[in-house]
Amino acid sequence: MDLPSAAPSPVTPLPAAALRRCCDAEALPFATTAELADIDAVAGQERALAAIAFGVGMRREGYNLFALGPEGIGRHTIVQRRLREQAQTMAAADDWCYVFDFEQPHKPRALRFPPGRAGAFKAGMQRLVDDLRSALPAALESDEYRNRRNEIESEFGKRQERAIGELGERAKGQGIALVHTPNGFGFVPLSKDAAMSPEEFNAAPAQEQQRLQALIAALQDDLARTLQEMPKWHREALRKLRDLNREISATAIDSLIEDLQAEYRSLPLIADYLARVREDMLEHAEAFHRPKDAGAAPAIGFPLALLQPAPAETPLGRYAVNVLIEHTQPHGAAVVYEDNPSHDAIVGRMEHVSHMGALVTDFTLIKAGALHRANGGFLIVDAFKILSQPYAWDALKLALKAREIRTRPLSQALGILSTMSLEPEPIPLDIKVVLVGERNLYYLLHAHDPEFSQLFKVAVDFEDDVARSTDNDLAYARLVATVARREGLRALDRAAVACVIDQQVRDSGDSERISASMQGLADLLRESDYWAQAASRDVIGSADVLRAIGAKIDRIDRVRDRLLQETLRGRLLVDTAGERSGQVNGLAVVQLGDFAFGTTHRITARTRLGSGGVVDIERESELGGPIHSKGVLILSGFISGRYAVNKPLSLAASLVFEQSYGGVDGDSASSAELYALLSALADAPVRQALAVTGSVNQHGDVQAIGGVNEKVEGFFDLCHARGLSGEQGVLIPESNVRNLMLRQDVIEAVARKCFAIYPVRTIDQGIALLTGVPAETIHARVEERLTGYAERARSFGLPAAGKRRRAQRVRT
């Protein structure tokens, strides 16, 4: 048997002073928080702030940021504040517009402008179109234009008349008349300067008839050749008219567009676009013509508005300008938080309008996304939200890798529809993206998305809590003052601030650290202010803070209260007095939303001769989680290592959480299970007035667990309801003493010696305390029992506990 070399030292109950490290209100150097200045720095988050500074300053590709940490610690607030401070030192990003591409109409062209000039360009283009709607019709209705147009038309008419007249004269000289009939031109023989009648023609000699017919045939050939030339003359006249229209239109257009061209001559892309606009306006000058009697556009009512075409569907809509992004301030980059990061919200969208029973779109209906608005600055996105939106995450990664924004419908990107749609020119992207999310999301993306580590190289890891010190307590008091002023709440006196600090320390689960949860702090201050208002107090006092804490618990502790009542009624079996072998009170924590409370469970162990080893009934029934199963295997290792080094372990034992009908996980009950097993093997009754929490390793060391305050208070509440006897208490791991921030009623009970908290370092200390029997005696009894099992096993020919049936692992 592997026994310790020396007897374990007895366990001394903790004094009341060790159960809670309170903030000393008298040490706070102020009367109320109204005297404290706002705090700018964030205490304890130096690592995160340094990472933000590095990520913002590193302008290389791929150095985007991921702010990781639990919800409610102020990640968004801190990140946005730091980014806005940096953005103020940066130049404003360029403006972007989409315009019509005259060569490829389905590919809108993107134009870049210096900050604040896109809107002016749009207004200038609109003025140009409006002015030309008046100037071009006026130019095309001027006397000079009419005279020159009449000359061209008259020249064409005269040329036609001259050609026909010359042919008629030539025919008349040959005794043939050129006549114009409803069916066109024709030739008729003359008789005494009059058209020959058919009777006269038939009465003429045959030779004369043949001569006349030959003349008419020759003249008809000449007529046909003349008529064939007339379309050419018409096209020539039209060309002259077009040249005239272009000349007159060019004069009107140039006089109006020259100012716009001069204003944007320093921007080559804009100058090139205006040159194309000029050429297109010359080609489509007729679109600007409006009759003089056309009045102003009628007021658009609801029915008429439904019939209006999209701007780009009208002839003049080609010259519209869609200002996608405009920055009115010359300095300061954009900081954008996108709270609904869908695919279209990230890369932009194309809206559609109903027209003649179909949905149509054009370049004026392209809308900016978050990447457009944040271009040249910073974009903040919630990681979970963007991962929850279909294809939004892929769209963001694609934009960051390509360093350009492609706006296209999701159906087109996925190849679902093959119909023709717009293909806007991509816009260059220069941006820093900050994802904000939980730590598990960060690590999952790192493990399963190869592109993630290439695009988000800066981890901004926020602390869940910060170290507690005198300086940090004062800094936290300033934070309380800052939050109270920002929320418009009453000031707090120093006793109230001390209560707030104590509650935040308790929430951290460590008496030496303060919770960094800004959400929890703000909620506590708001609720304290409510109770101060209800009490007609001008300043929030400690009573208001304590009432806010108690009222919140009262609102959500129905389940805890019901479980306690069921235990007191005897429906849930838990003893708090007496002794019993193989039975230990184990402690567990139940988490319901943001409320956690401790419960007591009866843990029992039964042993017998066999070869099955230790059977975890929770695992066998598929109610035990993997961590709980691991704890049972560890205590099995302790039994084998201490008692079965040189002989077979011929033991069959079972462990169970009695009256547990849900999943059980965690190893914080493994020490209690080991105590129950040792008690059963040694036949040493366990004091039921004591409860146990703590995990154990294979060497018998008791290890730290979580939720120690809730567990202690849960058993205390049960004992208090039944009546404190002075014998009751809880065994906790010695390493958990620093985590104690117990309620005041528990501390008072300990001070009166009505309840006790025992810090345990080893299993030997715990079993001696629970049974009242020295650990050496317990070990000797266990050794004797297992030796007897081994001897009887040999007589029965039973195999030793070696190969064990592996239970199915169930996640809970």
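Scoring 241-247, 585-591, 706-712 by mean Cβ neighbours within 10 Å over their residues and listing the highest first yields 706-712, 585-591, 241-247. Toward the positive end of the charge dipole of the chain, with +1 on the Cβ of Lys and Arg and -1 on the Cβ of Asp and Glu, the farthest Cα among A689, V56, P13 is that of A689.
Measuring nothing but protein heavy atoms, the accessible surface of segment 719-766 at 1.4 Å probe radius is 48 percent carbon and sulfur. Less than 5 angstrom separates the built amide H of D461 from those of L68, all sequence-distant by 5 or more or on a different chain. Taking every C-alpha pair closer than 8 Å and separated by at least 6 residues, the mean separation divided by the residue count of segment 339-462 gives a relative contact order of 29 percent. Ligands, DNA and RNA aside, F54 has an accessible area near 100 Å² when probed at 1.4 Å. If I ignore ligands, DNA and RNA and count only protein heavy atoms, how much of E748 is accessible to a 1.4 Å probe, in Å² to the nearest 10? Surface open to solvent at E748 totals about 90 Å².
Per-peptide packing, taken as the mean over residues of other Cβ atoms within 10 Å, places 149-159, 451-461 in the sequence 451-461, 149-159 from highest down.
For the listed residue pairs K385/K552; K401/K432; K122/K432; K107/K401, the alpha carbons are over 19 angstrom apart in K385/K552; K122/K432; K107/K401. Take the chain with all the other protein chains still there, run a 1.4 Å probe, and you get 50 Å² of accessible area per residue. Here the Karplus relation 6.51 cos²θ - 1.76 cosθ + 1.60, evaluated at θ = phi - 60°, turns the backbone of segment 649-655 into coupling constants of 8, 9, 10, 10, 10, 10, 10 Hz, with x for every Gly and Pro. Amide H contacts of L429: E404, I405, each under 5 Å away and 5 or more positions distant or on a separate chain (H built 1.01 Å from N in the peptide plane; Pro and chain starts excluded). Along segment 352-366 the Karplus relation, 6.51 cos²θ - 1.76 cosθ + 1.60 evaluated at θ = phi - 60°, assigns HN-Hα couplings of 10, 10, 7, 9, 6, x, 10, 8, 10, 9, 7, 5, 6, 9, 7 Hz to successive residues, with x for each Gly and Pro.
Summary value for segment 508-572: 22 percent relative contact order, contacts being C-alpha pairs under 8 angstrom separated by 6+ residues. Applied to segment 125-142, the Karplus parametrisation 6.51 cos²θ - 1.76 cosθ + 1.60 on θ = phi - 60° returns per-residue 3J(HN,Hα) values of 5, 5, 5, 4, 5, 5, 5, 5, 5, 9, 5, 5, x, 5, 5, 7, 10, 6 Hz, with x for Gly and Pro. Element breakdown for segment 107-219 at a 1.4 angstrom probe: carbon and sulfur atoms account for 48% of the accessible area. Cα extents for the chain along the principal axes, largest to smallest and rounded to whole angstrom: 160, 76, 48.
For the chain, the dipole from Cβ point charges (+1 on Lys and Arg, -1 on Asp and Glu) about the Cα centre works out to 2260 debye, to the nearest 20.
Bridging of K457 to aspartates and glutamates at a Cα separation below 12 Å is possible for E61, once same-chain residues fewer than 8 apart are set aside. Using a probe radius of 1.4 angstrom, the carbon and sulfur fraction of the accessible surface of segment 329-388 is 54%. Taken over segment 139-222, the ratio of Cα radius of gyration to 2.2 N^0.38 Å equals 1.59.
In the chain, Cα pairs under 8 Å separated by at least six residues give a relative contact order of 17 percent. Taking amide H as placed 1.01 Å from N in the peptide plane, A691 has its amide H under 5 Å from the amide H of G729, V730, L731, each at least 5 places away in sequence or on another chain.
Could you state the number of Å between the C-alpha centres of segment 517-581 and segment 225-278? Using only Cα atoms to place each centre, the spacing works out to 83 Å. Considering only M518, T77, L274, the residue lying farthest towards the positive end of the dipole of the chain is M518, judged by Cα position with unit charges set on Cβ.
The values are calculated or read from the model by the stated rules, or taken from the named source; none is laboratory data. All values reported here derive from a predicted model rather than from experimental measurement. Note: ideal-geometry Cβ built from the backbone for every residue, glycine included; neighbour counts use all protein chains shown. Keep in mind that these areas ignore ligands, DNA and RNA; they rest on the heavy atoms of the full protein, side chains included. Shrake-Rupley method; radii C 1.70, N 1.55, O 1.52, S 1.80 Å.
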